[in-house]
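Coordinate-derived values only; no laboratory data. All values reported here derive from a predicted model rather than from experimental measurement. Heads up, the Cβs are rebuilt from the backbone with ideal geometry, glycines too, and the neighbour counts pull from every protein chain shown.
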């Protein structure tokens, strides 16, 4: 026993040494989720896609507000009705020293739809391409199947792989499994891949020949820490220098701590409610003699006016949200500056319900997820009690996100809550998937599970994505949004989440609207 | 001996079969994995293609027999999420969990048995009472809360131990282990202690009860009458007899620790199998869930076997070959 006691101080000293921070120029990041693959083209899930941008550059980048800026492409323009020309950056080097050329872009564009077993293919961003032509090493022409002004947007959400580095015997070249092991995982991005210990850490190292700003970190170590309390603890103890996904209740304490800084930004995550505006009889409604009240836009508007968005933002979200009028924040392409969030007006809501033939309201079951989104349970309860106050007796049917998606997709709900992400940083893509009339073989209405449909909106969206004039395209999107949000109340948008990051005071962070956590946005504090 | 092992293996196969049926039906009843995987970025046509590629378009029982057929040839299926063989993903994570579980068991034994004996030998002393109060706390405090408190005290306020993750590893016999590096040890202390707390309380109670009972037995009186030293009476005669229930319970608990280290792994971001299981359930990654459970079934079977062998070593009255159950 006494021999053991003699060892105790030695163990403690060793532990102290081990817990001391690593080299000063390392950046350690606590992530709330781990990418499921290192293959940048395997799964169109934002965590995978956005992580890949450390290693693989995009042709066109999105800045912290999702505006486009040159990446591997220096400039791009339409040279014919269906033809885009991209001028590529010269002198760009891959991590292995090879030069970047148009060949690599063509390789990538062919690889994306060829990756097998993709749970959700990035092929949606290349499906508009009819043919590709390499004019010279640094000029690429792309012909689309139809006039498509949004091609640069689509090209801003996937990374470019090297033809030489990622070629292989199968159609996709290096397989997902090879890439997960680091084989062929060579890009032009600011950081090189070092190792991935699944569940524990991903290590990257600075790419010394990176074409952009010189990165301040020798190494970046990403640690997946899913529990938000554990992430905060890891930051406070100095295990990591930067964490993402700080939950609202932790913020006041962190803001007071002088060793820590908090950075927040509005995000492209919009929380919304959709109604079954398709069926004559709808499963979650009773007390209407079998009628579906949501086929009447007055009812949908009434329920929007019955929601106190300000209260949800200030009480439930603790200020970490902004009331919303449409699915993308006001600074994005296609946002309609004339639209304001619906005011809180319960009296008008009651009048509208009476005018629609429901003076005594009805009973409703609101479907809602119970996880994934920030404070989603509290939000659904609040909405239910606000609706009950104007006479629509609402109960919440909450289920975990896995079950929720399947139930929603089987049309089990008459009204449901959801969240959307504006990946492309503009209006049309999101409006297309969530509010266009659903079709089987395209992205139109794929998450429009209320089956809202207005031919005029479909027409405007189609015109917007094929107009060759940018201003015209913007106007058409704005009009489509106005019809969905204000004329039809086809969906009720509640708010945009604000997302928060926290750093040790030795690090500064530039938060992004797209919710990504980029080592490139972190700098040593002066 | 061989008969015993063979019989156990056959039992394990039966359990694996029953369990796979349950998992298949369970996942099928919860939701369609395609809905979780595909998100809002794939058209109906693409979803159908994915469904076909993963074999999810077939009737559930066809899927099940395809799975059984492949399992017979050692193929556990590929993860829907990662597109890698499910068994690789699990075996990758297994050393971390086993390491954590064994260190936790070790802690609960080396701390639990002496403390339990102390409480059994001196039930009315201050120390004995404190140990029992402590063991009540060990039982009743929720693991995640204790975990967070340990992090707060040792990592945040004192700053002497790291809060999360696994430390540096070295390769021992082809397996990545962290207990042979100082960094690794400093990382494993808190989660292992957290995981050990409940077991330690269990061991303390078992040992105390066993000790008190044993002290009244004739053989102890006889040993004392023979003039054996107190040290030998307690350390050999009493200890050996109270070990039997302790070994049984710990054997079963080891399986539990391996299978349900989930909470501790989550709080300490420990890259083990428990964390993987939770992630896989959230994403309805059926091949990984099934493979994980199969691995756990075999872990339980092996542990039970080892416990039986230990029995016959500790108590010569037990003869394995005579068991017919």
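Normalised by the number of residues in the stretch A:250-349, the average gap of Cα pairs under 8 Å and 6 or more apart makes the relative contact order 24 percent. Label reach from residue A:117 (point 7 Å along Cα→C-beta): in the stretch A:182-205, amide nitrogens under 19 Å belong to A:182-185, A:198-199. When A:43, A:462 are arranged by Cβ crowding within 10 Å, least crowded first, meaning fewest neighbours, the order is A:462, A:43. Going 7 Å from the Cα of residue A:338 in the Cα-to-Cβ direction, what parts of the stretch A:470-508 have a backbone nitrogen less than 15 Å from that spot? Inside the label zone: A:474-488. Here residue B:110 and residue B:13 are evaluated by their C-beta separation; at R0 = 51 Å the FRET efficiency comes out at 0.90.
Counting only DSSP beta bridges whose two residues both lie in the protein assembly as shown, roughly 75 percent are antiparallel.
Taken residue by residue and averaged, Cβ atoms of other chains lying within 10 Å of the Cβ of B:268-274 number 5. For the peptides A:195-203, A:427-435, A:340-348, the ranking by mean Cβ contacts within 10 Å, running from highest to lowest, is A:427-435, A:195-203, A:340-348.
Stokes-Einstein diffusion for the stretch A:267-498 at 37 °C, viscosity 0.692 mPa s, with a Kirkwood radius from C-alpha pairs, works out to 187 µm²/s. Remark: A:207, A:444 ranked as A:444, A:207, counting other beta-carbon atoms within 10 Å and listing the fewest first. Residue by residue along A:232-242, Cβ atoms of other protein chains within 10 Å of the local Cβ number 6 on average. Among A:60-70, B:221-231, the peptide with the highest mean count of other Cβ atoms within 10 Å heads the list, and the full ranking is A:60-70, B:221-231.
Peptide A:119-128 has a mean of 4 when you count, residue by residue, the C-beta atoms of other protein chains within 10 Å of its C-beta.
Can you give the % of DSSP beta bridges in the stretch A:267-498 that are antiparallel, to the nearest 5? So the antiparallel bridges amount to about 65 percent of the total.
Considered as an equivalent ellipsoid built on the Cα gyration tensor, the stretch A:285-335 has semi-axes of 29, 17, 7 Å, the largest given first.
FRET efficiency for the pair residue B:4 and residue B:315, taken as 1/(1 + (r/R0)^6) with r the Cβ-Cβ distance and R0 = 25 Å, rounds to 0.95. Mean residue ellipticity at 222 nm, helices only, the protein assembly as shown: -13500 deg cm²/dmol; runs of at least 4 DSSP H residues each add -39,500 (n - 2.57), and the sum is divided by the number of residues. Take the Cβ atoms of residue A:145 and residue A:98, set R0 to 22 Å, and the FRET efficiency comes out at 0.10.
Counting 0.36 nm for each residue step from residue A:253 to residue A:280 and taking away their Cα separation leaves a gain of 4.6 nm. Paramagnetic label reach from residue A:451 (point 7 Å along Cα→Cβ; backbone nitrogen cut-off under 18 Å): within the stretch A:420-442, residues A:433-442. Averaging the sequence gap over all C-alpha pairs within less than 8 Å and six or more residues apart, then dividing by the number of residues, gives chain A a relative contact order of 19 percent. Please report the relative contact order for the stretch A:26-224, taking Cα pairs under 8 Å with a sequence separation of at least 6, and give it as a percent rounded to a whole number. Contact order relative to length: 29 percent. Once both labels are positioned 7 Å from their Cα atoms along Cα-to-Cβ, the gap between residue A:440 and residue A:135 label points is 4.2 nm. The alpha carbon gyration tensor of the protein assembly as shown gives principal lengths a ≥ b ≥ c with a/c of 1.5 or higher and a/b greater than b/c, which makes the shape prolate. What shape does the stretch B:255-303 have by the C-alpha gyration tensor, where a ≥ b ≥ c are the square roots of the eigenvalues, rounded means a/c under 1.5, and otherwise prolate means a/b greater than b/c and oblate the rest? Oblate, since a/c reaches 1.5 and b/c is not below a/b. Taking only Cα atoms and a 10 Å spring cutoff, compute GNM fluctuations for chain B and point out the largest among B:140, B:280, B:79. With Cα springs under 10 Å in chain B, the top fluctuation among B:140, B:280, B:79 is at B:140.
Once both labels are positioned 7 Å from their Cα atoms along Cα-to-Cβ, the gap between residue B:52 and residue A:67 label points is 4.6 nm.
Put in order of Cβ neighbour count within 10 Å, fewest first, the listed residues B:311, B:219 become B:219, B:311. For the listed peptides B:299-309, A:225-235, B:154-164, a ranking on the average number of other beta carbons within 10 Å per residue, highest first, reads A:225-235, B:154-164, B:299-309. Using DSSP, restrict attention to beta bridges with both residues in the stretch A:26-224 and report what percent are antiparallel, rounded to the nearest 5. Counting only bridges with both partners in the stretch A:26-224, antiparallel ones make up about 80 percent. Principal axis analysis of the Cα atoms in chain B yields extents of 85, 57, 37 Å, listed in decreasing size. With the alpha-carbon atoms of the stretch A:26-224 aligned to their principal axes, the span from lowest to highest coordinate is 49, 36, 34 Å, starting with the largest.
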